[in-house]
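Just so it is clear, none of the values below were taken in a lab; they were calculated from the coordinates. Keep in mind that this is a model prediction, so the values were computed, not measured. Heads up, the Cβs are rebuilt from the backbone with ideal geometry, glycines too, and the neighbour counts pull from every protein chain shown.
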Amino acid sequence: MSASYTGLELYDRTAADAAAAVISRYSTSFGLATRLLGPRPRPHVRNVYALVRVADEIVDGPASDAGLSPEQEREVLDALEAETLRAIERGFSSNLVVHAFARTARECGIGAALVTPFFASMRTDIDTSSHDAGSHDAYVFGSAEVVGLMCLQVFVNAGRPSPRPAPDDLVEGARRLGAAFQDVNFLRDLDDDAGRLGRDYLGGADDDARRVTVLDRIDADLAAAAAVVPRLPRDCRRAVTTAHDLFAELSHRLRRTPARAGRVRVPDAVKVALAARAVVTSRPRSIR
């Protein structure tokens, strides 16, 4: 690479490679879906994922394992947010992951209105152990819905000379898909969240009635998101369909599995079959 690129272009490409390494290490399902994006949006979605993952790791164990106190975790998270906002403004960061995200943010129209709520939710994880309905909704908006909106900004704007707002129906679909993803993960991680992290995001979702209520909400959100997938740019539909269908499969399996029975997973063969179906149809499957 160094023989072909120099200066800022080499730095930009190195930052993009760093972001791609994060997703390859941390995610199989999201990584699979991202590989089905077209070359226009794919590197930008990787850049978004990398920043989100690094921030999440600050509050979900690695920083604590390194010996940081909650106060120090907050300092690190605050510094990451401040550097991200500065990098979006100036177009450069010495942090490769932040630099990659900032390039995407500047091209695709991702600003403080999406970045700030995300970091606010991450900060909540440091000092809030139990959520009620209101705090759950606020947390999900910042931790998941705005990430969906960041990806939507990429879908709509990557490669354009100047970013534009996404249509309202796509905004609603992106928010609801993000919320469904987050609630599915809350149900999958009940034991780990409670035992390792001491957190309860769903207010007693190990109770059968509460669990069904959450699953019904997830399926409604997945159905609403599926309805607008055909309105997405063509080079994004297969990836979003794959991600939607993976989480629809998880929701289906969660309904058949008792609470706290271990983390529900989709076997690799099923993941591949869902991705293959998405390549052929580009339309999410109906919710069972």
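Of the peptides 137-145, 35-43, 61-69, the order by per-residue mean of other Cβ atoms within 10 Å, starting with the highest, comes out as 137-145, 35-43, 61-69. Placing dummy labels 7 Å off each Cα toward the beta-carbon, the span from Asp78 to Tyr5 is 3.5 nm.
Using only the Cα atoms of the stretch 1-103, build the gyration tensor, take square roots of its eigenvalues as a ≥ b ≥ c, and label the shape rounded, prolate or oblate: rounded if a/c is under 1.5, else prolate if a/b is larger than b/c, else oblate.
Judged from the Cα gyration tensor, the stretch 1-103 comes out oblate (a/c at least 1.5, b/c at or above a/b).
Taking 0.36 nm per residue of separation and subtracting the Cα-Cα distance, full extension of the segment from Arg160 to Glu172 would add 2.1 nm. In order along the stretch 281-286, phi translates into HN-Hα couplings of 9, 6, 10, x, 6, 6 Hz, rounded to whole numbers, per the Karplus curve 6.51 cos²θ - 1.76 cosθ + 1.60 with θ = phi - 60° and x for Gly and Pro. Over all other residues within a Cβ to Cβ distance under 15 Å of Ala227, the charged ones net out to 0, with Lys and Arg as +1 and Asp and Glu as -1. Net length available on complete extension from Asp216 to Arg234 is 3.5 nm, with 0.36 nm assigned per residue and the Cα-Cα distance removed. Amide H contacts of Ser130 (H built 1.01 Å from N, in plane; Pro and chain starts excluded): Asp200 sit under 5 Å, all sequence-distant by 5 or more or on other chains. Per-residue extension of 0.36 nm, minus the Cα-Cα distance of Val280 and Ile126, leaves a gain of 51.1 nm for this segment. Rounded to whole numbers, the Karplus 3J(HN,Hα) couplings from phi for the stretch 96-110 are 4, 5, 5, 4, 4, 4, 4, 4, 5, 4, 5, 6, 9, x, 9 Hz, using 6.51 cos²θ - 1.76 cosθ + 1.60 with θ = phi - 60°, and x at Gly and Pro.
Computed per residue of the chain from DSSP H runs no shorter than four, each worth -39500 (n - 2.57), the mean residue ellipticity at 222 nm is -23000 deg cm²/dmol. Projecting the Cα atoms of Ala194, Ala239, Gly134 onto the dipole axis of the stretch 7-281, where Lys and Arg carry +1 and Asp and Glu carry -1 at the beta carbon, places Ala239 farthest toward the positive end.
When the Cα gyration tensor is reduced to axis lengths a ≥ b ≥ c, the ratio a/c is 1.5 or higher for the chain, and with a/b not above b/c it is classed as oblate. Taking a ≥ b ≥ c as the square roots of the eigenvalues of the alpha carbon gyration tensor, the stretch 4-49 is prolate, as a/c is not under 1.5 and a/b beats b/c.
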